[in-house]
C-alpha cells in the first residue's frame, strides 16, 4: 500500500515534464508551414501568403495568419516591417497584392518618428515567411518574368547572315 502514493508522484512529475517539453521556439520552419497549410488550389496558379495587419512581430503574424488563398487579381506576397532604431519590431503587415504594390520595395527612415520601414515582395506559395530587416532582405523576388507577354522567338538567322556577308565582303 505504501507504493501507490510514490507511483502517483512519479506519474504526476512525468506529466509535468511532458508539458514542459511542448514549449516551442518562436519561429516557424518551412517544414512547419507545409504541415500547417496543406491543401489543393481552388484555381490554376492559386497561392497563399501569410496575411496580418499590424502584428507585434513576425511570430504573431505567421502564427495567426488565416489559411486562405489569395484573390485571383493578386500575384505576390507583400511584407512591411516597421522597427525602432534599435532594430526591435514595432509592426508587421503581410498581404496578397498585385504587381503595382511591389514596385517600391526597400528600406527607408520615417521622418516623423525615426523608425525604419522595410518592405519586400515575393512570388510563390507562402513565400513571405521571413521579414525584411535591411536592404538585403527588402527586395522584390520573382520566379517568373514580370511581363505577362510570352517571349516571341525571333529568328536571328537573317540578321547574322547579313552581318557575316558584310564582314566577308568588307575585308
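Values in this text are rule-based calculations from the coordinates and carry no lab data. Because the structure is a prediction, the values reported are computed rather than measured. Positions of Cβ are generated from backbone atoms using ideal geometry, with glycine treated the same way; all protein chains shown enter the neighbour counts.
Show me the ranking of peptides 71-77, 110-116, 122-128, 133-139 by mean Cβ neighbours inside 10 Å, starting with the highest. Intermediate results must be reported in sequence, preceding the final value.
Values: 71-77: 17.1, 110-116: 11.1, 122-128: 19.0, 133-139: 14.7.
Ranked from most to least packed, the peptides come out as 122-128, 71-77, 133-139, 110-116.
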Subject >> Separation of the residue 3 and residue 130 label points, Cα + 7 Å toward Cβ, nm >> reply: 5.6
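Residue 41 to residue 112: extension gain in nm, 0.36 nm per residue of separation minus the Cα-Cα distance?
Values: separation 71, 0.36 × 71 = 25.56 nm, distance 4.27 nm.
Full-extension gain reported as 21.3 nm.
Which FRET efficiency value, to the nearest 0.05, do you get for residue 53 and residue 13 by plugging their Cβ-Cβ distance into 1/(1 + (r/R0)^6) with R0 = 45 Å? Each step should come with its number before you reach the end.
Numbers: r = 43 Å, r/R0 = 0.96.
The pair residue 53/residue 13 has a calculated efficiency of 0.55.
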